[in-house]
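The values are calculated or read from the model by the stated rules, or taken from the named source; none is laboratory data. What you see is a predicted model, and the numbers here were worked out from it, not measured in a lab. Glycine gets a Cβ as well: all are built from the backbone with ideal geometry, and neighbour counts include every protein chain shown. What goes into the accessible areas is simple: the full protein's heavy atoms, side chains included, and nothing from ligands, DNA or RNA. Shrake-Rupley method; radii C 1.70, N 1.55, O 1.52, S 1.80 Å.
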Amino acid sequence: MVNNIRLIYCLFSFFVFFQTYISGQKSIAKGKIYALVIGISEYKDDDFTDLKFAHRDAELFADFLYSPAGGSVPKSQVKLLLNEQATVSNIYLAKRWLETEAKKNDLVFFYFAGHGDVEGSIYKLGYLLAHDTPFGNYLNNAVRIEDFNIMANTLSVEKNANVVLITDACR
């Protein structure tokens, strides 16, 4: 219960900050806004506990981006992957789309709501679990958090884009 209250407070704080930021400007970015928004409540592998609202949270974030308060982002600049659409392959294809489309001064969002986990090997790699990730078998079957950190650094440093990573995942 306490964790849910903290999450709601964090999300509320983010949206208040974001709307305050937007209200002082005509646009929140000098360039375009792109977003990869993922929400997974239902997992293919029955060993995972399904979530109740992760897909809905992603839909709400995408709706916010489409709204005037979120920048009136065209739907063509948002990749929304929900539940069975959010496979490992589709997530990496959408990641590649972000890397290709983002240019100097663009604002890039990566939003993920779903399960996360840490590999049990000596490497302790962090993963975001896709709809088709098999339970306990993450290497090459899940989304490495490190891949998105590298993407954020590359887009920021090499392309001078502004990158925001938002994850709502355990671990």
Inset, instruction - Return the total of residues in the range 63-90 being in contact with a strand residue (DSSP E or B) (Cβ under 8 Å, 6 or more places away or on another chain) and either closer than 14 Å to Phe109 by Cα or charged (D, E, K, R) (or both). - result: 9
Inset, instruction - Quickly run through the range 65-83 and pick out the residues that are part of a helix (DSSP H, G or I) and open to solvent by 20 Å² or more (accessible area, probe 1.4 Å). - result: Tyr66, Pro68, Ala69, Lys75, Ser76, Gln77
Legend entry - Any chance Leu155 is at pLDDT 95 or above, under 13 Å from Gly39 (Cβ atoms) and in contact with an Asp or Glu (Cβ under 9 Å, 6 or more places away or on another chain): no
